[in-house]
Amino acid sequence: MSGVSSLWTVDVNPVNLKCTTLPILSLRNPYSRAFHLSWLGFLVAFLSWFAFPPLIPEAIKKDLKLTTAQVGNSNIVALLATLIVRAIVGPMVDRYGPRKVMAALLIIGAIPSGLAGTVTSANGLYAVRFFIGILGGTFVPCQAWTTAFFDKKIVGRANALVGGWGNAGGGITFIIMIALYNSLIQSRHLTSHQAWRAAFAIVPVPILFFVAALVLIFGTDHPAGRWSDRHNILAAKLPHQDHTVVPHHHGHGHHEKGDGNGKKEEDEGAVEKSEKSSDMGLNKENPDQVDTTVEVVREGDHEFRITSELDKAINEPLTWSSTLHILSSPLTWLPALAYMTTFGFELAMDANLSNSLFGIYPKLGQTKAGYITSTYGLLNIVTRPLGGYLGDKIYKRLGVPGKKYFTLIFGLCQGLLTLGLGIYLDKKEPKLSIIIVLMVFTGIFNEMANGLNFSLVPHCNPNSNGVMSGIVGAMGNLGGVFFALVFRFQPVPRGKAYWICGIVAVVVNLGLMPIPVPER
């Protein structure tokens, strides 16, 4: 199904019950509700997780008498907490399902958010930001939820949309917290000491509890119903290891179908080179360019074509054997290291760009510097979904290798632009307009690379999607910690920290190019 109607009509793959459309204009089915609740849960997490950076340059730093080093330390602590939580949450998603994990994280994260106003010292700030960092773990169930509900044809767009719209919470938080802080001072006549503390109690806490309730009441664990029912579908009955797949050839061919016990029965049939070939990832002009395989499965009178292990993937609880396999697989570290350089750098930009602008142009003030910085996060509304859309289109033509190369190329471009931004900031009198242009183009490639990355992740260790989302997400935060340390020891406002980050991104993305990936 294609066209505008796919935005509200549900078309389901009967093998795995995943949706092959993206019905974002409807709330009358579990696919649409899972989609909207996943990005909403991730977005509201930012209201607390990123609430400190927009208020630090003037309000919090002055009130708590913080040094620049202590501000940097607090950013690192927050990122370390999220890194740890994402690594833990991945296996929990595979065992308990993304809906319950999402709600639990929002509820747990609301508690330290309510205590933010009690902070009176740098150590108190470290403690509160560490526990608030739990909310950054919502990214893992956000991505795992849409991967469980949407088919491989559309999963890139689904993951990128929920990730992008959720990530936009970083930009929205800058706007909301600054506007609320200024309003409390001007309209309510609170002091700066009172205003920033009150802002935490007014915005994040009630919203986090409210969205957690929505997730529990209106969300669905899995297309099959409860999370424990995920094995009661046709895909779960298909062999995952002991099965034979057949290469596509011109004209007629011979293929085998494995039954649920690993037995095989021969079956003469046509492997067609027809209009359906584009769905198989074949190039119509040069069909032999893509080395892909197909497995034909019959259920009653219906015949289904399985072109990827992702078609049959079922989230399985983590075991020692699967852990060893995942950790030793290059397919794990390809998206993980790439995400470290892209999302990790995005976190560093969100945390430090406002300080850079405020340091170079003191007359801007905290408010204007924060609003300009918010642009970087708000770009996610368009850029990350665009990356996922590009990933789906590339997949039809070039398969999984296409997704890999475009992910790495966009990460490479981000690194080169960051290098240019850093060099320009080192000029004696950099112009604000040029800084903003460089910032926007860096953000476009940076965030599209994030979207492309999570269109690639479902193809890597597909039966452990929660773990994969957790590892890749955690590596994104490890990148955030690394880049935060760069900014910690190469303080803003000048550009050395930026061009160091750019060089790292270029080197890592180039180094990942040789890692092989599945064709489909």
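For region 164-180, taking the residues that are touching a Phe, Trp or Tyr at 6+ places or on another chain (Cβ under 8 Å) and at pLDDT 90 or above, the one that is nearest to SER469 (Cα to Cα) is identified as GLY166. Does any residue of region 27-36 turn out to be among the hydrophobic types (A, V, I, L, M, F, W, C) and surrounded by fewer than 24 Cβ atoms within 10 Å (Cβ to Cβ)? For region 27-36, residues among the hydrophobic types (A, V, I, L, M, F, W, C) and surrounded by fewer than 24 Cβ atoms within 10 Å (Cβ to Cβ): present. If you go through region 103-125 and keep only what is over 16 Å from ALA474 (Cα atoms) and hydrophobic (A, V, I, L, M, F, W, C), you end up with ALA103, ALA104, LEU106, ILE107, ILE108, ALA110, ILE111, LEU115, ALA116, VAL119, ALA122, LEU125. Filtering SER6, SER38, SER48 for residues that are in contact with a Leu (Cβ under 7 Å, 6 or more places away or on another chain) and closer than 30 Å to SER74 by Cα leaves a single hit, SER48.
Taken together, ILE76, ILE107 contain a single residue that is in a helix (DSSP H, G or I), assigned by TED's automatic domain parsing to the domain that holds PHE149, among the aliphatic types (A, V, I, L, M) and closer than 17 Å to PHE482 by Cα, which is ILE76. Of the residues making up region 1-39, those that are out of contact with any helix residue (DSSP H, G or I) (no Cβ under 9 Å at 6 or more places or on another chain) and among the small types (Gly, Ala, Ser) are SER2, GLY3, SER5, SER6, SER32. The requirement of being β-branched (Val, Ile, Thr) and within 19 Å of ASN509 (Cα to Cα) is fulfilled somewhere in region 339-350, by at least one residue. Consider region 44-74 and keep the residues that are out of contact with any Lys or Arg (no Cβ under 8 Å at 6 or more places or on another chain) and closer than 18 Å to GLY137 by Cα. The one that is surrounded by the fewest Cβ atoms within 10 Å (Cβ to Cβ) is LEU47. Close Cβ contacts (under 7 Å, 6 or more residues apart or on different chains) running from residues in region 146-175 that are under 15 Å from PRO53 (Cβ atoms) to residues that are of a type in the set (D, E, K, R) and at pLDDT 90 or above comprise ASN167/ARG384.
Results for (1) over 18 Å from the mean Cα position of the chain (by Cα); (2) at pLDDT 95 or above; (3) within 14 Å of LYS153 (Cα to Cα), shown as yes or no for each residue.
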| position | (1), (2), (3) |
| --- | --- |
| VAL4 | yes, no, no |
| TRP8 | yes, no, no |
| ASN13 | yes, no, yes |
| LEU17 | yes, no, yes |
| THR21 | yes, no, yes |
| LEU25 | yes, no, no |
| SER32 | yes, yes, no |
| PHE35 | no, yes, no |
| TRP39 | no, yes, no |
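The values are calculated or read from the model by the stated rules, or taken from the named source; none is laboratory data. In this text, all values refer to a predicted model and were calculated from it rather than measured experimentally. Heads up, the Cβs are rebuilt from the backbone with ideal geometry, glycines too, and the neighbour counts pull from every protein chain shown.
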